[in-house]
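Asks: Structure below; questions to follow.
Readers should treat all values here as calculations from the given coordinates under stated rules, not as data from a laboratory. It should be emphasised that the depicted structure is a prediction, and the values quoted were computed from it without experimental measurement. Cβ coordinates were reconstructed from backbone atoms using ideal geometry, including for glycine residues, and neighbour counts include every protein chain displayed.
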Amino acid sequence: MRLFAATKNLGKLTELQELFSVYGVDILTFPGYVAPDETADTYAGNAAIKARALHQQLKAAGIDGDVIADDSGLEIAALGGRPGVYSARYGGPNATWAQRRASLLREVAESGSNDRRARFVCALCCIGADGCEVIAEGFADGELSRNEQGQLGFGYDPIFYDPSEHATYGEISDTEKNKISHRAKAVRALMEMLRK
């Protein structure tokens with residue numbers, strides 16, 4: 001089985017390829033993919049927007065293929081669940097990931113809250129060549145670290161502390177992260193649904 005991924009995020013693409021390889025699924029890219037505006041207020045809604053866009057772009061190119069799209073984000077309790085679905089756009093369209101992480105840490109520190117609870121959320125939308133859609137979600141509960149720790153992973157990984165690992169996602173190997181992450185749980189849920 002093969003799936004075309006609706007992403008231009010190299011970190012996310014690599015992670016999806018590794019997670020799906022366990023199930024014998026190849027994750028491919030479509031060079032002509034044009035990312036749509038993510039206008040939904042839910043992860044599932046944004047994943048569906050991206051999956052539908054790629055599905056249409058493949059059809060226009062004469063390619064019959066199944067697609068997968070991911071939308072994910074970090075929710076911080078002290079900030080009322082922000083940045084949430086706006087995680088990838090937090091701090092403005094030109095902000096770097098380092099700037100986004102620093103802004104979040106600063107914002108939580110300035111809030112005066114001692115609540116460090118945080119969670120990663122991932123929604124996956126898979127659309128078959130026939131247009132049938134399936135949505136699956138995964139969650140990873142943890143804490144917001146007080147500073148960046150580790151150079152591994154991508155995005156918010158260096159500030160997401162997993163108590164069960166006694167480390168941030170920026171400090172654990174891809175192999176370990178891919179056993180416990182929100183994206184890993186969403187992939188497992190999706191594969192169970194597809195098997196049925």
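Asks: Report, to the nearest 10°, how far helix 182-195 tilts away from the longest principal axis of the Cα atoms in the chain, using its own Cα long axis and a range of 0 to 90°.
Replies: With both axes taken from Cα atoms, the answer is about 30 degrees.
Asks: Something else about it: Within the range 102-132, what residues put their amide N at less than 13 Å from the label point 7 Å along the Cα-to-Cβ vector of Met193?
Replies: Hits in the range 102-132 for Met193 at 13 Å: 122-128, 132.
Asks: Hey, another quick one. With runs of 4+ DSSP H residues as the only contributors, calculate the mean residue ellipticity of the chain at 222 nm using -39,500 (n - 2.57) per run, divided by the residue total and rounded to the nearest 500.
Replies: Working: 5 runs with 66 residues, N = 196.
So the calculated ellipticity at 222 nm is -10500 deg cm²/dmol.
Asks: Please state, as a whole number in µm²/s, the translational diffusion coefficient that the Stokes-Einstein equation yields for the chain at 37 °C and 0.692 mPa s, with Rh defined as the Kirkwood radius across alpha carbon pairs.
Replies: Estimated diffusion coefficient is 192 µm²/s.
Asks: Let me ask something additional. Could you size up the charge dipole of the range 2-195 around its Cα centre, putting +1 on the beta carbon of Lys and Arg and -1 on that of Asp and Glu, and report it in debye to the nearest 20? Display every interim value, and only then the final one.
Replies: Values: 21 positive and 27 negative charges, 45 e Å.
Around 220 debye, computed over the range 2-195.
Asks: Taking the 0 to 90 degree range and rounding to the nearest ten, how far is the long axis of helix 10-21 tilted relative to the main principal axis of the chain, both from C-alpha atoms?
Replies: Once rounded, the angle reads 60 degrees.
Asks: Right, another one. Within 10 Å of each residue's Cβ, count the other Cβ atoms and sort His55, His166 from fewest upward.
Replies: So the ranking, lowest neighbour count to highest, is His166, His55.
Asks: Tell me, how many Å apart are the Cα centres for the range 1-20 and for the range 72-121?
Replies: Their Cα centres are 24 Å away from one another.
Asks: Please compute the length gained on full extension between Ser164 and Ala77, using 0.36 nm multiplied by the number of residues separating them and subtracting their Cα-Cα distance. Write down the numbers at each step before the final one.
Replies: On the way: separation 87, 0.36 × 87 = 31.32 nm, distance 1.89 nm.
Full extension of this stretch gives 29.4 nm more.
Asks: Ranked highest first by the average count of other Cβ atoms within 10 Å around their residues, in what order do 64-71, 113-120 fall?
Replies: Values: 64-71: 22.1, 113-120: 15.8.
In decreasing order of mean packing, 64-71, 113-120 become 64-71, 113-120.
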